[in-house]
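**Q** One structure, as structure tokens, below. Some questions next.
The values are calculated or read from the model by the stated rules, or taken from the named source; none is laboratory data. Keep in mind that what you see is a predicted model, and the values were worked out from it rather than measured. Here Cβ is always computed from backbone atoms with ideal geometry, including for glycine, and neighbour counts include all displayed protein chains.
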Amino acid sequence: MKTTLKSTLVAAAIAATFGAQAGDITSPTTATYSEQASTAAGDITTADVIFELGAEYTENDLLTFSLSAGSVADSFDALPASIVANSGSTSITFGKLATLADSVIYRVTNVDNPDLLGTTGIVVDFAAGIDVDGDVIAAGTNIELCATATTAVGGITFDTDCMDVAAVEDQFTNVSVTTGFDGEIDVTNMRETFTGANTLEDTLVISHTTEDTTGWASYVDPGIVTLVLKGDFTDLTESQFTSGATTTDLNDDENELTLTYPSTLTTDTITFTSDGTGSGVSLIKQSFELDASQSYTCGAGCSGDADVASLGMGTDAGEWTLNGADINIPYMPYVDLELSNSERAIGQIIYVTNHGSQSGDIFVTATAEDGTVVLNNVQIDSIDGGEMRKIAPLIRDELLAEDFTDGKLSIDVTVNAADEDITVYAAYKHNTEADRGVIITDQYKKNND
């Protein structure tokens, strides 16, 4: 007893001074389950528990195995009541002391160390596995097994290790945009082409990696990859977008381009080609987004239905900018727009001035407070160099054609002319008052940044 107590105190002192040593749970190894394939499977039994001691043990020390989640009533029942492990002339005996809700506790009942070789490195094979709840794995929760040795005196931890006996992994990774669209639309060419060396083309490069499921406990079989490129493709055609896709389809609303690929997709370049000068199709300043998904069917260790996994939603896919004038009027109120100017409570005043020599068409996009696009890149007029144009009545006509009569709008005015040559004056006036409410456009803000 004195020898045991002395050894325990020495072990406690070492643990307190140097911290817990590192044992090693060599079995079971981690079983990986696909998040998409994880269906309820009842209790799952792990491989036999094997623990390599990483410190010096003495009688009455405690060794506890615990689960972070997924324990069942009989999780540890298969582990033996006692076990003897040997290394050379040294042997150590563990006896099962208690089984709790999520753990089992063993006590060292004997250490035989005649040649003073110590217990460090002894491999204890419990010759049985642990039962865990498959429903917990199906819910996407990892299950961790920890081994913790504590001293008989003071309860100081001196040997420990943790590892996942069940790890749930997402089998699918998001599609990423390696290179986004970055074309600059050339207003000097009626916005029908881009600036730069290649005036007709702009490219989007995407990449995708697939998880290697070799050795996984469960997985699904990947199917078709679907990309949905979102933007304003008014008057464009799907044939203008070339890629390695199996199919390419532009929807009737001309705001979604859908491309499908085989499950082996790793990378692709989507190239847009303009019809060029004289096509009559103006390219639109805008930002693009990409939604991606992949279908799958059940593979090994899975009994669920076919489904679709998201590979990322709303991913930034680049933008098209203008080398011309694009000016935002952040606020313009309208009331009873169907009435004549003299009858309306509020009148609108919007002028465009061209200080340069280049003529250009004037386009308007109007967006309501709730995000509804009332006018979408509508050409309302053109302007010559050195000219000023009053466009408020023209905007009114277009709004009435869309049955818009009341509300507040944000208005983008785009002119196919050099940005530095175009100014926009915007104001509104209560017809019963003399004062005007002058609106500060983003052109003023940009010039004062």
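**Q** Would you mind stating whether E289 is in the same structural domain as L394 (by TED's automatic domain parsing) and either over 26 Å from T441 (Cα atoms) or at pLDDT 95 or above (or both)?
**A** Considered against the rule, which asks whether it is in the same structural domain as L394 (by TED's automatic domain parsing) and either over 26 Å from T441 (Cα atoms) or at pLDDT 95 or above (or both), E289 comes out as no.
**Q** For the range 245-274, which residues satisfy the criterion of being under 24 Å from the mean Cα position of the chain (by Cα) and small (G, A, S)? Break it down stepwise before answering.
**A** Within the range 245-274, the subset under 24 Å from the mean Cα position of the chain (by Cα) is 245, 255-270.
Of everything in the range 245-274, those that are under 24 Å from the mean Cα position of the chain (by Cα) and small (G, A, S) turn out to be A245, S263.
**Q** Exactly one of (1) part of a strand (DSSP E or B); (2) surrounded by fewer than 17 Cβ atoms within 10 Å (Cβ to Cβ); (3) outside the structural domain of V424 (by TED's automatic domain parsing) is unmet by S263. Its number?
**A** Every condition holds for S263 apart from (1).
**Q** For the range 125-242, give me every one of the strands (runs of 3 or more DSSP E) that falls completely inside it and has 3 or more residues that are surrounded by fewer than 22 Cβ atoms within 10 Å (Cβ to Cβ) and at pLDDT 95 or above.
**A** Once the strands (runs of 3 or more DSSP E) in the range 125-242 are filtered for at least 3 residues that are surrounded by fewer than 22 Cβ atoms within 10 Å (Cβ to Cβ) and at pLDDT 95 or above, what remains is 143-150, 157-169, 176-179, 201-207, 220-230.
Each row is one residue, and each column tells you yes or no for (1) modelled with pLDDT under 95; (2) part of a strand (DSSP E or B).
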{"residue": "A41", "(1), (2)": "yes, no"}
{"residue": "D48", "(1), (2)": "no, no"}
{"residue": "E56", "(1), (2)": "no, no"}
{"residue": "S66", "(1), (2)": "no, yes"}
{"residue": "D74", "(1), (2)": "yes, no"}
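**Q** Sticking with this structure for a sec: Output the strands (runs of 3 or more DSSP E) that fall wholly within the range 355-448 and possess 1 or more residues being crowded, with 17+ Cβ neighbours inside 10 Å and over 39 Å from the mean Cα position of the chain (by Cα), or say none.
**A** In the range 355-448, the matching strands (runs of 3 or more DSSP E) lie at 360-368, 373-383, 388-390, 407-418, 422-430.
**Q** Taking into account only those residues within the range 133-169 that are touching a Ser or Thr at 6+ places or on another chain (Cβ under 8 Å) and among the charged types (D, E, K, R), which is nearest to V220 (Cα to Cα)?
**A** Among those that are touching a Ser or Thr at 6+ places or on another chain (Cβ under 8 Å) and among the charged types (D, E, K, R), it is E169.
**Q** Right, here's the next one. Looking at the range 304-354, which of its residues are assigned to a strand (DSSP E or B), acidic (D, E) and either at pLDDT below 95 or farther than 29 Å from V228 by Cα (or both)? If you could, list the steps in order and put the result at the bottom.
**A** Taking the range 304-354 first, the residues assigned to a strand (DSSP E or B) are 307-310, 315-322, 324-334, 346-354.
Remaining after also requiring acidic (D, E): 307, 316, 319, 326.
Scanning the range 304-354 gives D307, D326.
**Q** Next question, about the same structure. So which residues in the range 323-356 are touching a residue at least 24 places away in the same chain (Cβ under 8 Å) and of a type in the set (D, E)?
**A** Of everything in the range 323-356, those that are touching a residue at least 24 places away in the same chain (Cβ under 8 Å) and of a type in the set (D, E) turn out to be D326, D336, E338.
**Q** Among (1) in contact with a helix residue (DSSP H, G or I) (Cβ under 7 Å, 6 or more places away or on another chain); (2) surrounded by 14 or more Cβ atoms within 10 Å (Cβ to Cβ), where does D249 come up short?
**A** The failed condition is (2).
**Q** Which of the residues spanning the range 133-153 are over 23 Å from F51 (Cα atoms) and either outside the structural domain of E59 (by TED's automatic domain parsing) or over 37 Å from the mean Cα position of the chain (by Cα) (or both)?
**A** none
**Q** From N377, N341, N416, N354, grab the single residue that is of a type in the set (S, T, N, Q), outside the structural domain of N189 (by TED's automatic domain parsing) and at positive phi.
**A** Working: N341 fails: at positive phi; N416 fails: at positive phi; N354 fails: at positive phi.
Residue meeting the stated conditions: N377.
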